[in-house]
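Coordinate-derived values only; no laboratory data. Predicted, not measured: the structure shown is a model, and the values here were computed from it. Glycine gets a Cβ as well: all are built from the backbone with ideal geometry, and neighbour counts include every protein chain shown.
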Amino acid sequence: MQIREATLEDLAAILDIYNEVIATTTAVYNDDPLTPGEFALWFQDRTAAGYPVLLAEDEDGRALGFSSFGDFRTRPGYRFTVEHSVHLTADARGKGIGTALVQALFPRAQALGKHTMLGAVDADNAGSIRFHEKLGFVQVGRLPQVGFKFGRWLDLVYLQRFIDDAATSGPAA
């Protein structure tokens, strides 16, 4: 398995992964699959902002998963905080690929001067919560019934991890 920066040529494979997650899980609170155009716009926005989109692939070049991060919110006071995402093919889950994809985001976020990374996880997804906690994330909030999918209300858990050593001091001027 290798992790590399994704390219435009990888978008169809990444979109297939994302749309499978939408169709079969509550990891993404979308009801409908994204179109290639919508996903291309997402990719362009991420890369134009200097944010990574990473792809994990096997030795045959088959996409196994992807990770990325983007702005948590667009107001200037949040500029040091990013929210990440990581999604895998069904057969790649539980094999350490997600761990490698998220760990690869940390130095990239730090190089961009980011202070903290958030993950938003469906509260019923105990496996994803454990996954994040093993990576040093801690639960910092729960938003009851903010999502609705598959005919039921969903709670969202926020997890946070500091990615720099400036937990008490502000950013460099």
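Using a Förster radius of 25 Å, what is the FRET efficiency between PHE148 and THR7 based on their Cβ-Cβ separation? Nearest 0.05, please. Don't skip to the end; give the middle numbers.
On the way: r = 35 Å, r/R0 = 1.40.
Once the sixth-power term is evaluated, E becomes 0.10.
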> In nm, to one decimal, how far is the GLN44 label point from the ARG93 one, both placed 7 Å along Cα→Cβ?
Replying inline: 3.2
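Order 2-9, 38-45 from most to least packed using the mean count of other Cβ atoms within 10 Å. It would help to have the intermediate numbers written out before the result.
Details: 2-9: 13.0, 38-45: 14.6.
Highest to lowest by the protection proxy: 38-45, 2-9.
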> Non-local amide H neighbours of GLY65 (under 5 Å, H modeled in plane, Pro and chain starts lacking H): which ones?
Replying inline: ALA56, THR89
>> Restricting to DSSP H runs of at least four residues, report the calculated mean residue ellipticity at 222 nm for the chain, -39500 (n - 2.57) per run over all residues, nearest 500 deg cm²/dmol.
In response: -8500 deg cm²/dmol
> So which residue, out of GLY151, GLY37, GLY136, gets the largest mean-square fluctuation from a GNM of the chain using Cα contacts under 10 Å as springs?
Replying inline: GLY151
> Pick from THR89, THR99, THR24: which residue has the top mean-square fluctuation in a GNM of the chain where Cα pairs under 10 Å get a spring?
Replying inline: THR24
> Can you work out ³J(HN,Hα) from phi for every residue in region 51-64, in order, using Karplus 6.51 cos²θ - 1.76 cosθ + 1.60 and θ = phi - 60°, giving whole Hz and x for Gly and Pro?
Replying inline: 8, x, 10, 9, 10, 9, 9, 7, 5, 8, x, 7, 5, 10
>> Skipping prolines and chain starts, which residues have an amide H placed within reach, meaning under 5 Å, of the one on ALA123, given they are 5 or more residues away or on another chain?
In response: ASP155, LEU156, VAL157
> Mind checking which of ASP16, ASP122, ASP32 has the largest fluctuation in a GNM of the chain, springs on alpha carbons under 10 Å?
Replying inline: ASP32
> Tell me, what ³J(HN,Hα) does each residue in region 145-151 have, in order and in whole Hz, if you take phi through Karplus 6.51 cos²θ - 1.76 cosθ + 1.60 with θ = phi - 60° and put x for Gly and Pro?
Replying inline: 6, 8, x, 9, 7, 6, x
> Which whole-Hz couplings ³J(HN,Hα) result when phi for each residue of region 128-141 is put into the Karplus expression 6.51 cos²θ - 1.76 cosθ + 1.60, θ = phi - 60°, listed in order with x for Gly and Pro?
Replying inline: 5, 5, 4, 3, 5, 4, 5, 8, x, 7, 10, 5, 10, x
>> What percentages make up the Cα-Cα pair-distance distribution of the chain when the bins are 10 Å wide from 0?
In response: 9, 37, 40, 13, 1
